[in-house]
Amino acid sequence: MGNNKSSALSKELLQELKSNTKYSESELCTWYQSFLKECPSGKISKQQFEGIYASFFPNADPTTYARHVFRSFDTNADGTLDFKEYIVALHLTSGGKTMQKLEWAFALYDVDGNGTISKNEILEIVKSIFNMIPPEDQKNLPEDENMPEKRAEKLWEFFGKKEDDKISEGEFIQGVMDNQDILRLIQYDEPQKIKDKLKEKKN
(Lines give C-alpha, C1' and ligand atoms only; values in the text may rest on other atoms or scores of the structure.)
Protein backbone atom coordinates (compact mmCIF):
# COMPACT_ATOMS: atom_id res chain seq x y z
CA MET A 1 0.00 0.00 0.00
CA GLY A 2 2.99 2.29 0.40
CA ASN A 3 3.12 5.24 2.74
CA ASN A 4 -0.36 6.68 2.61
CA LYS A 5 0.14 8.78 5.74
CA SER A 6 1.05 12.27 4.68
CA SER A 7 3.60 13.99 6.89
CA ALA A 8 1.65 17.22 6.49
CA LEU A 9 -1.73 18.07 7.97
CA SER A 10 -4.54 18.56 5.48
CA LYS A 11 -5.64 22.18 5.08
CA GLU A 12 -9.20 21.27 6.11
CA LEU A 13 -8.14 19.58 9.35
CA LEU A 14 -5.67 22.34 10.15
CA GLN A 15 -8.38 24.97 9.68
CA GLU A 16 -10.86 23.01 11.79
CA LEU A 17 -8.41 22.52 14.67
CA LYS A 18 -7.32 26.18 14.58
CA SER A 19 -10.99 27.24 14.78
CA ASN A 20 -11.92 24.85 17.59
CA THR A 21 -8.82 25.01 19.79
CA LYS A 22 -6.47 27.70 21.04
CA TYR A 23 -3.48 26.27 19.16
CA SER A 24 -1.61 28.06 16.36
CA GLU A 25 -0.81 26.61 12.97
CA SER A 26 2.87 26.14 13.82
CA GLU A 27 2.03 24.39 17.13
CA LEU A 28 -0.40 22.04 15.38
CA CYS A 29 2.10 21.19 12.63
CA THR A 30 4.87 20.54 15.19
CA TRP A 31 2.59 18.31 17.25
CA TYR A 32 1.47 16.45 14.15
CA GLN A 33 5.09 15.60 13.30
CA SER A 34 5.70 14.39 16.89
CA PHE A 35 2.42 12.47 16.82
CA LEU A 36 3.40 10.64 13.62
CA LYS A 37 6.87 9.92 15.01
CA GLU A 38 5.40 8.25 18.10
CA CYS A 39 2.37 6.80 16.31
CA PRO A 40 3.34 6.05 12.67
CA SER A 41 -0.09 4.53 12.08
CA GLY A 42 -1.68 7.92 12.72
CA LYS A 43 -3.57 6.48 15.71
CA ILE A 44 -2.80 6.37 19.41
CA SER A 45 -3.84 3.30 21.39
CA LYS A 46 -5.37 3.26 24.84
CA GLN A 47 -2.11 1.87 26.24
CA GLN A 48 -0.05 4.66 24.66
CA PHE A 49 -2.50 7.25 26.01
CA GLU A 50 -2.22 5.76 29.50
CA GLY A 51 1.56 5.95 29.14
CA ILE A 52 1.36 9.67 28.35
CA TYR A 53 -0.74 10.26 31.47
CA ALA A 54 1.67 8.18 33.56
CA SER A 55 4.48 10.53 32.52
CA PHE A 56 2.41 13.52 33.69
CA PHE A 57 1.81 11.99 37.14
CA PRO A 58 4.94 10.04 38.12
CA ASN A 59 4.03 10.03 41.84
CA ALA A 60 0.52 8.68 41.46
CA ASP A 61 -1.56 6.17 39.49
CA PRO A 62 -3.51 7.88 36.70
CA THR A 63 -4.31 4.66 34.78
CA THR A 64 -8.03 4.48 35.59
CA TYR A 65 -8.57 8.20 35.04
CA ALA A 66 -6.65 8.06 31.74
CA ARG A 67 -8.89 5.17 30.66
CA HIS A 68 -12.00 7.24 31.32
CA VAL A 69 -10.52 10.28 29.56
CA PHE A 70 -9.64 8.09 26.58
CA ARG A 71 -13.21 6.71 26.46
CA SER A 72 -14.70 10.22 26.53
CA PHE A 73 -12.59 11.34 23.54
CA ASP A 74 -12.75 8.17 21.44
CA THR A 75 -15.79 9.59 19.68
CA ASN A 76 -16.07 6.81 17.11
CA ALA A 77 -15.39 4.09 19.74
CA ASP A 78 -12.73 2.35 17.64
CA GLY A 79 -10.31 1.93 20.56
CA THR A 80 -7.84 4.51 19.21
CA LEU A 81 -7.52 8.29 19.03
CA ASP A 82 -6.62 9.93 15.76
CA PHE A 83 -4.76 13.24 15.67
CA LYS A 84 -7.97 15.29 15.72
CA GLU A 85 -9.38 13.44 18.76
CA TYR A 86 -5.98 13.70 20.49
CA ILE A 87 -5.67 17.48 19.98
CA VAL A 88 -9.26 18.07 21.13
CA ALA A 89 -8.43 16.00 24.24
CA LEU A 90 -5.35 18.12 24.98
CA HIS A 91 -7.25 21.34 24.35
CA LEU A 92 -10.14 20.51 26.67
CA THR A 93 -8.09 19.01 29.49
CA SER A 94 -5.66 21.93 29.62
CA GLY A 95 -7.91 24.85 28.70
CA GLY A 96 -10.87 25.06 26.42
CA LYS A 97 -14.01 27.17 26.59
CA THR A 98 -16.17 26.61 29.65
CA MET A 99 -19.14 25.16 27.77
CA GLN A 100 -16.98 22.77 25.72
CA LYS A 101 -15.16 21.72 28.86
CA LEU A 102 -18.40 21.05 30.73
CA GLU A 103 -19.81 19.01 27.85
CA TRP A 104 -16.62 16.95 27.93
CA ALA A 105 -16.79 16.64 31.75
CA PHE A 106 -20.34 15.29 31.42
CA ALA A 107 -19.14 12.69 28.87
CA LEU A 108 -16.33 11.75 31.27
CA TYR A 109 -18.74 11.14 34.16
CA ASP A 110 -21.35 9.41 31.98
CA VAL A 111 -19.40 6.14 32.22
CA ASP A 112 -21.98 3.93 30.48
CA GLY A 113 -22.81 6.55 27.83
CA ASN A 114 -26.58 6.48 28.45
CA GLY A 115 -26.98 10.28 28.60
CA THR A 116 -27.36 10.60 32.39
CA ILE A 117 -25.04 10.40 35.40
CA SER A 118 -25.74 8.24 38.46
CA LYS A 119 -24.21 8.54 41.92
CA ASN A 120 -22.17 5.38 41.28
CA GLU A 121 -20.69 6.91 38.12
CA ILE A 122 -19.67 10.01 40.06
CA LEU A 123 -18.01 7.80 42.67
CA GLU A 124 -16.17 5.83 39.97
CA ILE A 125 -14.62 8.96 38.42
CA VAL A 126 -13.89 10.55 41.81
CA LYS A 127 -12.04 7.37 42.84
CA SER A 128 -9.93 7.55 39.68
CA ILE A 129 -9.14 11.22 40.47
CA PHE A 130 -8.05 10.26 44.00
CA ASN A 131 -5.61 7.74 42.55
CA MET A 132 -3.78 10.70 40.97
CA ILE A 133 -3.46 12.68 44.19
CA PRO A 134 -0.24 11.74 46.03
CA PRO A 135 -0.99 10.38 49.56
CA GLU A 136 0.78 13.32 51.23
CA ASP A 137 -1.49 15.77 49.36
CA GLN A 138 -4.60 13.78 50.31
CA LYS A 139 -3.79 14.46 53.96
CA ASN A 140 -4.28 18.19 53.31
CA LEU A 141 -7.79 17.83 51.88
CA PRO A 142 -10.76 19.15 53.89
CA GLU A 143 -12.33 16.64 56.29
CA ASP A 144 -15.49 16.30 54.19
CA GLU A 145 -13.51 15.69 50.97
CA ASN A 146 -10.61 13.50 52.07
CA MET A 147 -12.09 10.24 50.75
CA PRO A 148 -13.69 9.48 47.36
CA GLU A 149 -16.97 8.50 49.03
CA LYS A 150 -17.13 11.79 50.94
CA ARG A 151 -16.38 13.86 47.84
CA ALA A 152 -18.98 11.96 45.77
CA GLU A 153 -21.56 12.45 48.55
CA LYS A 154 -20.81 16.17 48.71
CA LEU A 155 -21.19 16.48 44.93
CA TRP A 156 -24.48 14.60 44.97
CA GLU A 157 -25.81 16.90 47.70
CA PHE A 158 -24.82 19.99 45.69
CA PHE A 159 -27.07 18.72 42.88
CA GLY A 160 -29.89 18.09 45.40
CA LYS A 161 -30.46 14.54 44.20
CA LYS A 162 -31.92 11.50 45.97
CA GLU A 163 -29.83 8.34 46.15
CA ASP A 164 -31.23 6.70 42.98
CA ASP A 165 -31.79 9.88 40.94
CA LYS A 166 -29.90 10.70 37.73
CA ILE A 167 -28.35 13.94 36.49
CA SER A 168 -29.00 15.02 32.88
CA GLU A 169 -26.42 16.90 30.82
CA GLY A 170 -28.39 20.16 31.14
CA GLU A 171 -28.63 19.84 34.93
CA PHE A 172 -24.95 18.97 35.17
CA ILE A 173 -23.79 21.97 33.13
CA GLN A 174 -26.17 24.38 34.89
CA GLY A 175 -25.17 23.05 38.32
CA VAL A 176 -21.47 23.53 37.64
CA MET A 177 -21.95 27.00 36.18
CA ASP A 178 -24.00 28.04 39.22
CA ASN A 179 -21.58 26.67 41.79
CA GLN A 180 -17.79 27.02 41.72
CA ASP A 181 -17.51 24.36 44.43
CA ILE A 182 -18.95 21.75 42.06
CA LEU A 183 -16.44 22.74 39.38
CA ARG A 184 -13.61 22.32 41.88
CA LEU A 185 -14.89 18.92 43.01
CA ILE A 186 -15.45 17.37 39.59
CA GLN A 187 -12.00 18.00 38.17
CA TYR A 188 -8.39 17.25 38.75
CA ASP A 189 -6.66 20.09 37.01
CA GLU A 190 -2.94 20.46 36.70
CA PRO A 191 -2.88 22.26 33.37
CA GLN A 192 0.48 23.92 34.03
CA LYS A 193 2.16 20.59 34.69
CA ILE A 194 0.65 19.18 31.50
CA LYS A 195 1.59 22.25 29.45
CA ASP A 196 5.18 22.04 30.71
CA LYS A 197 5.32 18.37 29.71
CA LEU A 198 3.98 19.16 26.24
CA LYS A 199 6.63 21.82 25.79
CA GLU A 200 9.28 19.28 26.71
CA LYS A 201 7.87 16.82 24.16
CA LYS A 202 7.87 19.51 21.46
CA ASN A 203 11.48 20.54 22.02
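The values are calculated or read from the model by the stated rules, or taken from the named source; none is laboratory data. Quick caveat: nothing in here was measured; it's all calculated off a predicted structure. In this analysis, Cβ positions are derived from the backbone assuming ideal geometry, glycine residues included, and neighbour counts consider all displayed protein chains. Surface accessibility is based on the protein's heavy atoms, side chains included, excluding ligands, DNA and RNA. Shrake-Rupley method; radii C 1.70, N 1.55, O 1.52, S 1.80 Å.
A Förster distance of 30 Å, applied to the separation of the beta-carbon atoms of Glu16 and Lys150, puts the FRET efficiency at 0.10. Pairs of lysine residues in segment 98-188 that meet both criteria, 8 or more places apart or on different chains and Cα atoms under 13 Å apart, total 8. A Gaussian network model of the chain, with springs between Cα atoms under 10 Å, assigns the largest mean-square fluctuation among Lys18, Lys43, Lys162 to Lys162. On full extension, the segment bounded by Gln100 and Lys166 gains 21.6 nm, given 0.36 nm per residue less the C-alpha separation. Using a simple spin-label model with pseudo-atoms 7 Å out from Cα toward Cβ, Arg184 and Glu157 lie 1.5 nm apart. Comparing Ser34, Ser26, Ser55 in a Gaussian network model of the chain, where Cα atoms under 10 Å apart are tied by springs, the biggest mean-square fluctuation is seen for Ser26. Accessible area per residue was computed with a 1.4 Å probe on protein heavy atoms; Met99 scores about 90 Å². Simple rule: put +1 on each Lys or Arg Cβ and -1 on each Asp or Glu Cβ in segment 61-190, find the dipole, and look at Met132, Ile117, Met177; the Cα lying farthest toward the positive end is Met177.
The HN-Hα couplings worked out from phi for segment 29-37 by the Karplus form 6.51 cos²θ - 1.76 cosθ + 1.60 (θ = phi - 60°) are 5, 5, 5, 5, 4, 4, 4, 5, 5 Hz, whole numbers, x standing for Gly and Pro.
Annotation for segment 113-145: trypsin sites (Lys or Arg not before Pro) lying in DSSP loop with at most 11 further Cβ atoms inside 10 Å of their Cβ are Lys139. Leaving ligands, DNA and RNA out of it, report the carbon-plus-sulfur percent of the accessible area of segment 1-130 at a 1.4 Å probe. Exposed carbon and sulfur together represent 52 percent of the surface. Considering only alpha-carbon pairs that sit under 8 angstrom and 6 or more positions apart, the relative contact order computed for segment 1-144 is 23 percent. Highest mobility in the GNM of the chain, judged by mean-square fluctuation with C-alpha springs under 10 Å and restricted to Gln33, Gln15, Gln48, is found for Gln15.
Mind jotting down the distance between the C-alpha centroids of segment 103-177 and segment 31-79, whole Å? Rounded to whole Å, the Cα centres lie 23 Å apart.
Just so you know, the Cα atoms of segment 12-65 work out to an Rg and Dmax of 13.6, 40 Å.
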